[in-house]
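Student: I'd like to ask you about the structure that follows.
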Amino acid sequence: MIIKLLIGFFAGIISGFFSTGGGLILVPAYMYILKMNSKKARGTAIFCILPLVITSSIFYYKNNYINWKLATLCAIGGTIGGFIGAKILKKLPERILNITFAIFLIYVSYKMINS
Amino acid sequence: MIEILISLISGIISGTGMGGGTVLIFGLVFILGVNQHTAQATNLIFFIPTSIMAIIVNIKNKNVDLKTALIISTSGIIGALVGANFAIKTDVVILKKYFGFFLAIIAIHEIYRIFLMYIKQKNTNNKSILKKIFLNQGPSLMEIDENDEKNDKILKEEGVRK
């Protein structure tokens with residue numbers, strides 16, 4: 001119980017601070033600490049992240065950081081993209097994607113730290 | 001138009017189960033020149049409709065552990081309050097740097113996962129490892145996560161057959 005509360009609190013801080021990454025904390029925590037299988041871990045994580053995202057959205061909203069035009073356009077593109085992504089998931093070469101994603105992350109982190 | 005293109009790509013990446021949010025934030029900050037706080041706020045709004053779709057599918061497929069979810073969400077909301085409060089008070093330049101460090105940690109984790117997959121496949125067949133990686137054969141990362149023991153068994157059986 002205490003472990004669960006701590007996992008949630010930590011994921012909440014990351015999710016609130018960076019607005020992303022809650023899942024990157026929760027999925028491994030569910031799998032390795034709470035011993036859930038991968039599917040259930042992913043499903044439960046996305047379910048938990050929604051209230052966290054709504055909570056932090058309120059903060060960003062109150063401080064006028066939300067650009068509604070931009071957000072609406074992105075939400076439209078994102079929903080369509082998510083649908084396409086789920087459909088073509090099995091056809092994509094996952095390994096190449098994973099390696100590309102890792103290289104991409106290194107590049108972005110370098111750019112962010114140096115900007 | 002560029003906005004839709006960036007979010008479309010992020011959406012596809014989210015759909016494949018990797019961090020779509022990082023791609024979206026990167027695109028907004030470095031291609032459109034949006035400020036880090038606004039990019040993060042946009043990512044939050046972007047997440048809501050995308051995730052609701054995924055949640056409905058997951059509940060239907062019984063992939064949600066509701067009891068755990070309730071406990072995690074409760075303390076998570078408190079954490080999110082703390083985190084978002086800090087983010088808003090943090091200077092843009094510093095927030096960007098923290099974000100960079102955070103991504104570096106994720107990158108290390110991702111490389112570790114790729115390394116695990118490499119080890120798994122090396123155990124199956126030494127010679128065709130590169131071929132396997134690039135032709136997308138053998139067990140995938142997600143499957144390895146899903147059931148390590150089951151995969152071990154399958155790999156062993158394959159080995160015996162060869």
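Student: Restricting to the range B:10-34, and then to whatever is of a type in the set (Val, Ile, Thr) and buried (at least 24 other Cβ atoms within 10 Å of the Cβ), can you tell me which residue is farthest from residue A:111 (Cα to Cα)? Let's see the steps before the verdict.
Tutor: If we filter the range B:10-34 for residues that are of a type in the set (Val, Ile, Thr), which is where we start, we get B:12-13, B:16, B:22-23, B:25, B:29, B:31, B:34.
In the following step, the residues that additionally are buried (at least 24 other Cβ atoms within 10 Å of the Cβ) were identified as B:12, B:22-23, B:25.
Values: B:12: 23, B:22: 13, B:23: 13, B:25: 13 Å.
Top of the filtered list is B:12.
Student: Can you confirm whether residue B:26 is at the interface with chain A (Cβ under 7 Å from one of its Cβ atoms) and touching a Gly at 6+ places or on another chain (Cβ under 8 Å)?
Tutor: Working: at the interface with chain A (Cβ under 7 Å from one of its Cβ atoms): yes; touching a Gly at 6+ places or on another chain (Cβ under 8 Å): no.
No, not satisfied.
Student: Can you tell me which of A:84, A:54 is in the same structural domain as residue A:11 (by TED's automatic domain parsing) and free of Cβ contacts under 8 Å to residues at least 40 places away in the same chain?
Tutor: On the way: A:84 fails: in the same structural domain as residue A:11 (by TED's automatic domain parsing).
Only one candidate passes the filter, namely A:54.
Student: Could you list, in sequence order, all residues of the range B:16-73 that are in a helix (DSSP H, G or I) and among the small types (Gly, Ala, Ser)? Lay out the reasoning, then the answer.
Tutor: Residues of the range B:16-73 in a helix (DSSP H, G or I): B:20-31, B:36-60, B:66-73.
Answer for the range B:16-73, where residues must be in a helix (DSSP H, G or I) and among the small types (Gly, Ala, Ser): B:20, B:21, B:27, B:39, B:41, B:51, B:54, B:69, B:73.
Student: Just need a number here: residues in the range B:35-51 that are surrounded by fewer than 24 Cβ atoms within 10 Å (Cβ to Cβ) and facing chain A (nearest Cβ under 7 Å). Working first, answer last.
Tutor: Taking the range B:35-51 as the starting set, the residues that turn out to be surrounded by fewer than 24 Cβ atoms within 10 Å (Cβ to Cβ) are B:35, B:37-38, B:45, B:48-49, B:51.
If we keep only those that are facing chain A (nearest Cβ under 7 Å) as well, we get B:37-38, B:45, B:48-49, B:51.
Count: 6.
Student: Scan (1) of a type in the set (D, E, K, R); (2) without any contact (Cβ under 8 Å) to a residue 12 or more places away in the chain; (3) closer than 30 Å to residue B:38 by Cβ for the single condition residue B:122 breaks and write down its number.
Tutor: (3)
Student: If the requirement is being within 30 Å of residue A:40 (Cβ to Cβ) and at pLDDT below 85, which of these qualifies: B:10, B:14? Full working, then the answer.
Tutor: Details: B:10 fails: at pLDDT below 85.
None of the others qualify; the one that does is B:14.
Student: May I pose another question? May I ask you to verify whether residue A:79 is without any contact (Cβ under 8 Å) to a residue 12 or more places away in the chain, more than 7 Å from chain B (Cβ to nearest Cβ), closer than 21 Å to residue B:4 by Cα and assigned to a helix (DSSP H, G or I)? Spell out the reasoning first.
Tutor: Numbers: without any contact (Cβ under 8 Å) to a residue 12 or more places away in the chain: yes; more than 7 Å from chain B (Cβ to nearest Cβ): no; closer than 21 Å to residue B:4 by Cα: yes; assigned to a helix (DSSP H, G or I): yes.
No; evaluated as a whole, the condition is false for this residue.
Student: Applying the selection to the range A:90-115, what residues are within 11 Å of residue B:13 (Cβ to Cβ) and at the interface with chain B (Cβ under 7 Å from one of its Cβ atoms)? Outline the logic, then answer.
Tutor: Restricting attention to the range A:90-115, the residues satisfying the condition of being within 11 Å of residue B:13 (Cβ to Cβ) are A:92, A:97, A:100-101, A:104.
Within the range A:90-115, A:92, A:97, A:101 qualify.
Student: Kindly establish whether residue B:70 is closer than 25 Å to residue A:7 by Cα, of a type in the set (A, V, I, L, M) and facing another protein chain (nearest Cβ under 7 Å). Give the steps one after another, and end with the answer.
Tutor: Numbers: closer than 25 Å to residue A:7 by Cα: yes; of a type in the set (A, V, I, L, M): yes; facing another protein chain (nearest Cβ under 7 Å): no.
The answer is no for residue B:70.
Student: For the range A:45-73, which residues satisfy the criterion of being over 30 Å from residue B:65 (Cβ atoms), in a helix (DSSP H, G or I) and facing another protein chain (nearest Cβ under 7 Å)?
Tutor: If the condition is that a residue be over 30 Å from residue B:65 (Cβ atoms), in a helix (DSSP H, G or I) and facing another protein chain (nearest Cβ under 7 Å), then A:70, A:71, A:73 are the ones that fit.
Student: Out of (1) more than 7 Å from chain A (Cβ to nearest Cβ); (2) small (Gly, Ala, Ser); (3) crowded, with 21+ Cβ neighbours inside 10 Å, what's the single condition that is false for residue B:7?
Tutor: The number of the failed condition is (1).
Conditions tested, residue by residue: (1) surrounded by 14 or more Cβ atoms within 10 Å (Cβ to Cβ); (2) within 18 Å of the chain's Cα centre (by Cα); (3) in the same structural domain as residue B:40 (by TED's automatic domain parsing); (4) at pLDDT 90 or above.
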| residue | (1), (2), (3), (4) |
| --- | --- |
| B:55 | yes, yes, yes, no |
| B:60 | no, no, yes, no |
| B:63 | yes, yes, yes, no |
| B:80 | yes, no, no, yes |
| B:83 | yes, no, no, yes |
| B:101 | no, yes, no, yes |
| B:107 | yes, yes, no, no |
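Student: For the range A:4-42, which residues satisfy the criterion of being at pLDDT 90 or above and of a type in the set (Val, Ile, Thr)?
Tutor: Selection gives A:7, A:13, A:14, A:33.
Student: In the range A:1-33, what residues are touching a residue at least 24 places away in the same chain (Cβ under 8 Å), facing chain B (nearest Cβ under 7 Å) and in a helix (DSSP H, G or I)? Let's see the steps before the verdict.
Tutor: Within the range A:1-33, the subset touching a residue at least 24 places away in the same chain (Cβ under 8 Å) is A:3-4, A:7-8, A:11-12, A:15-16, A:19, A:22-23, A:33.
Narrowing further to those that are facing chain B (nearest Cβ under 7 Å): A:4, A:7-8, A:11-12, A:15-16, A:19.
Of everything in the range A:1-33, those that are touching a residue at least 24 places away in the same chain (Cβ under 8 Å), facing chain B (nearest Cβ under 7 Å) and in a helix (DSSP H, G or I) turn out to be A:4, A:7, A:8, A:11, A:12, A:15, A:16.
Student: May I ask you to say which residue of A:96, A:46 is buried (at least 20 other Cβ atoms within 10 Å of the Cβ) and not acidic (Asp, Glu)?
Tutor: On the way: A:96 fails: buried (at least 20 other Cβ atoms within 10 Å of the Cβ).
Result: A:46 is the single residue among A:96, A:46 that is buried (at least 20 other Cβ atoms within 10 Å of the Cβ) and not acidic (Asp, Glu).
Student: Hey, among B:54, B:84, B:39, which residue is in contact (Cβ under 8 Å) with a residue 12 or more places away in the chain and aliphatic (A, V, I, L, M)? Spell out the reasoning first.
Tutor: Working: B:54 fails: in contact (Cβ under 8 Å) with a residue 12 or more places away in the chain; B:84 fails: in contact (Cβ under 8 Å) with a residue 12 or more places away in the chain.
Sole residue among the options that is in contact (Cβ under 8 Å) with a residue 12 or more places away in the chain and aliphatic (A, V, I, L, M): B:39.
The values are calculated or read from the model by the stated rules, or taken from the named source; none is laboratory data. Model, not experiment: these values are computed from the prediction. As a convention, Cβ positions derive from the backbone with ideal geometry for all residues, glycine included, and neighbour counts pool all protein chains shown.
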